[in-house]
Amino acid sequence: MKTRILGVVAAVAVLITAAVGYGLYSRDRGPGVNAVAVVSGQPVSVQAKGQLLFRNTAEGPDFGHLATVPADSPGEPRKVAGLSCDRFAASAGTALCLAAQPGVLPPMTDVIVLDKDLNEIRRVELPGTPSRGRVSPGGKLAYWTLFVNGDSYAETGFSTRAGILDLTSGQLLKSVEEMALFLGGKQYYSSDVNYWGITFAADGKKFYATVGTKGKTYLVEADYERFSANMIRENVECPSLSPDGKRIAFKKRVSADLAAPWRLAVLDLASGRETLLAETRSVDDQAAWLDDRTVAYGLESGIWAVPADGSGAARELVARGASPAGV
């Protein structure tokens, strides 16, 4: 148990170090030439079908900006918007941009919600560093995970904070940690409970997330209206619900090697059957479903895709990109 706890702590330490560094690196790159072919100055809509939206990580003045390419021809020159984000997500004409505030200590993040044409709808300033972000299938809920520090129980001095913004009511839920949590039918209490990686069902009521506590991770199934959650499966991180609502793509810890602890897997919710995907490298990302058959993820400075049924092989869609979102 001690080894496992140390492994989780060390892995999270790597995550936050990378997140902070990535955020600082993604600030203004100054003058220069883009390392890839880009098309600037044209409007970008997150509602246009058949496109792959992502964060541009190619060196140059458009580093960190929102970019898009045709999903069926991702090698074309990327169209680049003026919006700069550290994490990006979009669904049903609503976009979410998580942007670390440069040069601010302790770290602060701007949680920015935008319409289909990238006009700002709402901005919330929260403590922490961007980690994960998603928009519900109906576009009515935005949710995020930030790395934070200062929790008394955190041995490393930091933890995660997952929040939800209801765009219909305007309600801001800065943390879901007050949600009633159950394990085996009994309410679970622990000061070290952390949530991250929220993913909503199409009805906008049910959602899934990861809970970390006492050195273990669990998949939780939660009810947004009742504000309660059940821990239903161990060793599930960063869940992503499929468009048909039947499967969850996730990170499964398969090794104590801190350099390569995870494998991408898919869980069938009805049968409980797990399938390891053909991507054999360790992936530290919340996968995004491009359709019911394919998941995409950021890895090694690029965006990759792999079949969701365990067949085939991983293929690179976009070089020098991150935080993919399919429309």
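The values are calculated or read from the model by the stated rules, or taken from the named source; none is laboratory data. Note that the coordinates shown come from a computational prediction; the quantities given were computed from them, not determined experimentally. A quick note on method: Cβ atoms are made from the backbone with ideal geometry, for glycine too, and the neighbour counts reach across all protein chains shown. Accessible surface areas use protein heavy atoms only, side chains included; no ligands, DNA or RNA. Shrake-Rupley method; radii C 1.70, N 1.55, O 1.52, S 1.80 Å.
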Residue check for residue 225: open to solvent by 10 Å² or more (accessible area, probe 1.4 Å), closer than 19 Å to residue 148 by Cα and in a loop (DSSP other than H, G, I, E, B)
no
For the stretch 181-193: of the residues being in contact with a Ser or Thr (Cβ under 6 Å, 6 or more places away or on another chain) and open to solvent by 30 Å² or more (accessible area, probe 1.4 Å), which is farthest from residue 126 (Cα to Cα)?
190
Considering each residue of the stretch 291-327, count those that are over 14 Å from the mean Cα position of the chain (by Cα) and among the aliphatic types (A, V, I, L, M), and give that number.
9
Scanning the stretch 33-84 for residues that are polar (S, T, N, Q), outside any loop (DSSP other than H, G, I, E, B) and without any contact (Cβ under 8 Å) to a residue 60 or more places away in the chain gives 40, 68, 84
For the stretch 278-327, give me the residue count where each residue is among the hydrophobic types (A, V, I, L, M, F, W, C), open to solvent by 30 Å² or more (accessible area, probe 1.4 Å) and out of contact with any strand residue (DSSP E or B) (no Cβ under 6 Å at 6 or more places or on another chain).
1
Only one of 104, 69, 80, 148 that is open to solvent by 20 Å² or more (accessible area, probe 1.4 Å) and among the aliphatic types (A, V, I, L, M):
104
Checking the condition farther than 20 Å from residue 135 by Cβ and without any contact (Cβ under 8 Å) to a residue 12 or more places away in the chain, which residue from 186, 251, 216 passes?
186
Out of (1) open to solvent by 20 Å² or more (accessible area, probe 1.4 Å); (2) touching a residue at least 12 places away in the same chain (Cβ under 8 Å); (3) farther than 23 Å from residue 206 by Cα, what's the single condition that is false for residue 124?
(1)
Residues in the stretch 256-307 that are more than 23 Å from residue 135 (Cα to Cα) and not in a strand (DSSP E or B) total 18
Scope the stretch 94-113; condition more than 17 Å from the chain's Cα centre (by Cα) and either among the aliphatic types (A, V, I, L, M) or under 20 Å from residue 322 (Cα atoms) (or both); matching residues
101, 102, 104, 105, 108
Picked from the stretch 228-246 (must be closer than 14 Å to residue 275 by Cα and more than 17 Å from the chain's Cα centre (by Cα)), the residue surrounded by the fewest Cβ atoms within 10 Å (Cβ to Cβ) is 246
Take residue 245 and decide whether it is in a loop (DSSP other than H, G, I, E, B) and within 19 Å of residue 220 (Cα to Cα).
yes
Only unsatisfied item for residue 176, checking (1) in a strand (DSSP E or B); (2) among the hydrophobic types (A, V, I, L, M, F, W, C); (3) modelled with pLDDT of 95 or more, is (1)
Is it the case, given these coordinates, that residue 169 is in a loop (DSSP other than H, G, I, E, B), at pLDDT 95 or above and open to solvent by 70 Å² or more (accessible area, probe 1.4 Å)?
yes
In this structure, is residue 197 farther than 15 Å from residue 267 by Cα, of a type in the set (Gly, Ala, Ser) and surrounded by fewer than 18 Cβ atoms within 10 Å (Cβ to Cβ)?
no
Total residues in the stretch 42-59, condition under 16 Å from residue 319 (Cβ atoms), open to solvent by 10 Å² or more (accessible area, probe 1.4 Å) and more than 17 Å from the chain's Cα centre (by Cα):
1
Does any residue in the stretch 303-324 that is at positive phi come within less than 6 Å, Cβ to Cβ, of a residue that is crowded, with 23+ Cβ neighbours inside 10 Å and assigned to a loop (DSSP other than H, G, I, E, B) six or more places away or on a different chain, and which pairs are these?
310/277; 320/57
